[in-house]
1. Give me the pairs, please: first residue somewhere in the stretch A:208-225 and surrounded by 24 or more Cβ atoms within 10 Å (Cβ to Cβ) and at pLDDT below 95, second residue anywhere and polar (S, T, N, Q) and assigned to a loop (DSSP other than H, G, I, E, B), beta-carbon distance under 7 Å, and either six or more positions apart or on two chains.
2. More than 9 Å from RNA strand B (Cβ to nearest atom) and not aliphatic (A, V, I, L, M) - does that describe any residue in the stretch A:14-22?
3. Which residues, taken from the stretch A:80-105, are more than 13 Å from RNA strand B (Cβ to nearest atom) and either acidic (Asp, Glu) or crowded, with 20+ Cβ neighbours inside 10 Å (or both)?
4. For the list (1) among the aliphatic types (A, V, I, L, M); (2) within 15 Å of RNA strand B (Cβ to nearest atom); (3) crowded, with 16+ Cβ neighbours inside 10 Å; (4) more than 21 Å from A:Arg142 (Cα to Cα), I need the number of the one condition that A:Ala27 fails.
5. Scan the stretch A:32-48 residue by residue and report those that are away from RNA strand B (no atom under 11 Å from the Cβ), part of a strand (DSSP E or B) and crowded, with 17+ Cβ neighbours inside 10 Å.
6. From A:Leu347, A:Leu403, A:Leu395, which residue is in contact with a His (Cβ under 7 Å, 6 or more places away or on another chain), buried (at least 18 other Cβ atoms within 10 Å of the Cβ) and over 21 Å from A:Glu302 (Cβ atoms)?
7. List the residue pairs whose Cβ atoms are under 6 Å apart, where the first residue sits in the stretch A:60-89 and is within 14 Å of A:Tyr118 (Cβ to Cβ), the second is within 15 Å of RNA strand B (Cβ to nearest atom) and of a type in the set (D, E, K, R), and the two are 6 or more positions apart or on different chains.
8. Considering only residues of the stretch A:207-230 that are of a type in the set (A, V, I, L, M) and touching a Lys or Arg at 6+ places or on another chain (Cβ under 6 Å), which is nearest to RNA strand B (Cβ to nearest atom)?
Amino acid sequence: MAKEGITPRAKDYSQWYLDIVRGADLADYAEVVRGCIVFKPTGYAIWEAIQRGLDERIKATGHVNAYFPLLIPKSFLMKEAEHVEGFAPEVAEVTRAGGEELAEPYVIRPTSETIIGYFYAKWVRSWRDLPLLINQWANVMRWEMRTRPFLRTTEFLWQEGHTVHADHDDAERETLMILNEVYADFVEKDMALPVLRGIKTEKEKFAGALRSYAIEAMMQDGRALQAGTSHNLGQNFAKAFDITYADKNNQVQHAWTTSWGVSTRLIGATIMGHSDDDGLVLPPRLAPIQVVIIPIYKSDAEKATVMEAIDRITAEWRGKLRFHVDTRDHLTPGFKFNEWEIKGVPLRMEVGPKDVQKQSVALAQRIIFDGPAIEGRKPKSFVPQAGLAEHVTMLLEQIQQGLYQRALKFREEHTFKAANYDELKERVEKGFVRCWWAGSRHDEEQIQEETKATIRVIPNEQPRGKGKCVYTGKEAEKIAVFARAY
RNA sequence: CGGGGCGUAGCGCAGCCUGGUAGCGCACCUGCCUUGGGCGCAGGGGGUCGGAGGUUCGAAUCCUCUCGCCCCGACCA
């Protein structure tokens, strides 16, 4: 039974998603600016948690943060042929400033390879300057046709890493390291969503890249969502922007660059990946509030003793757990239970007069994994106040793991094999389809036309041997994963 | 950008066909009452009916234009 105001997932997945976003108060439509949203405090807090988890990993792998201008001279965009073609249709331009027409328009960055390339050309002189490993946290703008909160907005927030290397292998190493040790590690551990790691086909790769890699997560309707990409840009941008260095033999060489990014789309992935008909479900590691505490009382005297107990219990929580005490007096406990469930707080603690007396508290999980809720309600457990911080920490970790396992199971149950095109067409409606692939870019376009599905990745992990291509029937060496994508 | 739907109070909607001084539920405010699963009762506040123009004595309602949102496609982090 869905919560009031939330369309059931099974009935209308899109509307369900929008209901979750609205119900949990994550965002507001910025109706005065096309395709933009306001990240409301709870939605932004999720982004901050994502930033923390990623920034930590980005720095742990040797990168530093910097910041480059929002505006890019339009001519910069034109320097890399494929890049222009890929991004020109969706850039916004600034043509007037200071009350005058500009001699050369600026574009609002849709991504920063070009302007960063310009500066890297000035900074890189010698092999001793390499690798250059910089990340930036920024906003970008892309005039997309159709937008939806977090998943695709005109302006969005992201991080974009831009690195320079001496040779192909070092750039390739960086690209794969970011995909595995930064992105996949973060999404699987902190967001609790399993991902497929692999390489993109020619059709799907980044405009201007030599090769693109990606991690792909499955949403609860069986569609794929690209959770992060990492590009080996080869020497394309180095040549366009003249990023050169003197090697050990004093020979001038073009450098090799990479770029990689994840965006506020990850907020959407988290929502879509875990939530249910009762509202938002957040993995504890990303939840702005991990434990909400509801005091229960009938009189001022009771309130005083209950609040005193809460203060005593939470005194040792500071710095360890993110918690919130809901002291609103005009709302009943039942109302608060429902509200915090819609908002996705992983754990609720109730403290009432009986608990004070028994030195206990009542705990209720937002989501349980071992059986159905009792009469639509989450079962509560009564636990002693002694050692509560450890118990709560353990429960949160259990929930984190439980969410990952549940998502993994869902993905496995919605991943199919296809030996021929008919099977592919039928099964890709329901989830991921793994099949042998030896087709061309044109074949892939044809399949997209007919099925709306694309190759999300050629997974890194491949079975031994060869097979028959699902489309052309030719001998194939690789398995591809097809899916409809967000 | 193509197809479809919709803009009326913070939210969800009725009213429009057949023009006549704008309504319902929830939320909000005040008081009393209540508080371990969406309390109750009473009183109250809140609207240039998305915007502009037109028809008319009179427009939420009819006509034209326009802006925006949602859904489905094509494009994408």
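1. Sorted first by the residue in the stretch A:208-225, then by its partner, the list stays empty.
2. Looking for residues that are more than 9 Å from RNA strand B (Cβ to nearest atom) and not aliphatic (A, V, I, L, M), one finds at least one in the stretch A:14-22, hence yes.
3. Within the stretch A:80-105, A:Glu80, A:Glu93, A:Glu100, A:Glu101, A:Glu104 meet the criteria.
4. Exception for A:Ala27: condition (4).
5. Across the stretch A:32-48, the qualifying residue is only A:Phe39.
6. Just one listed residue meets the conditions, A:Leu403.
7. Going by the 6 Å Cβ cut-off, the qualifying pairs are A:Ile72/A:Arg109.
8. The residue in question is A:Ala214.
The values are calculated or read from the model by the stated rules, or taken from the named source; none is laboratory data. It should be emphasised that the depicted structure is a prediction, and the values quoted were computed from it without experimental measurement. Glycine gets a Cβ as well: all are built from the backbone with ideal geometry, and neighbour counts include every protein chain shown.
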